[in-house]
Amino acid sequence: MDEAGSTIRNADETSPTFPEHFSAYRASKVRAELLVMSAKEIGFRTVSLRPPTIWGPGDPYSRGLPGAIRTGRFAFVDRGDYAFATCHVDNVVEAVECSLERGEGGRAFFICDRDRQTFREFVASIAALKGLSIEKLGSMPYWRASAIGRALDAVWAGVSQILLVNLLLTTTVETPLPM
């Protein structure tokens, strides 16, 4: 998503990034990448890998999604009928190895599985592995999910600031005074 929350389609490595994104999480990823890439200026060979949702044995989707479907605690956004990119953990490992062996410094690379799918298809595939159906799952409109996400992001940003201030105020450093 861009800074306004609009979906970005057909992006490639030359597409703009958004260090001021409304999502603190997304903005932090962009800022971290900018820091890593700036190390090239002082002689480091830096490469940024941009995987989408990483999946594989023990991932949160494979562990948590079937239970959420089974108990009715899962709902799609816009029926899940939107593109959803994934990258199997083995493919992430291979991308890391390739970037170490052949990666051109100062570049970013999107990495993903070859298969194109919708989020609905992804959820259906995980559900099918556990013998579950997704046909009766609910859905909420994008605007509602976006509003909830923005509110939670703002709350988390505020909570994390409070926690940091509390940590700084309650931490004591014991250093001997010079004689």
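A few comments on the model shown:
- Residue count for the stretch 109-120 satisfying the condition of being under 16 Å from the mean Cα position of the chain (by Cα) and within 27 Å of Val36 (Cβ to Cβ): 5.
- Looking across the stretch 51-64 at every residue that is part of a loop (DSSP other than H, G, I, E, B) and without any contact (Cβ under 8 Å) to a residue 60 or more places away in the chain, the one that is farthest from Cys112 (Cα to Cα) is identified as Gly58.
- Within the stretch 55-70, not a single residue is surrounded by 13 or more Cβ atoms within 10 Å (Cβ to Cβ), within 18 Å of Glu33 (Cβ to Cβ) and touching a Cys at 6+ places or on another chain (Cβ under 8 Å).
- Among the residues of this structure, Ile134 does not count as one that is within 19 Å of the chain's Cα centre (by Cα), of a type outside the set (Ser, Thr, Tyr) and surrounded by 11 or more Cβ atoms within 10 Å (Cβ to Cβ).
Here is a yes/no grid of residues against (1) over 23 Å from Pro51 (Cβ atoms); (2) of a type in the set (Phe, Trp, Tyr); (3) touching a residue at least 40 places away in the same chain (Cβ under 8 Å):
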| position | (1), (2), (3) |
| --- | --- |
| Ala83 | no, no, yes |
| Cys98 | no, no, no |
| Ala128 | yes, no, no |
| Ile134 | yes, no, yes |
| Asp153 | no, no, yes |
| Ile162 | yes, no, no |
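- Single condition Glu94 does not satisfy, out of (1) touching a strand residue (DSSP E or B) at 6+ places or on another chain (Cβ under 7 Å); (2) within 30 Å of Gly43 (Cβ to Cβ); (3) not hydrophobic (A, V, I, L, M, F, W, C): (1)
- Within the stretch 23-50, the set of residues being within 21 Å of Glu97 (Cα to Cα), part of a helix (DSSP H, G or I) and touching a residue at least 40 places away in the same chain (Cβ under 8 Å) comprises Glu33, Met37, Lys40.
Every number here is computed from the coordinates shown, using simple stated rules; none is lab data. This one's a predicted model, so the numbers in the text were calculated from it and none came from an experiment. Counting neighbours? That spans all protein chains shown, and the Cβs are built from the backbone with ideal geometry, glycine included.
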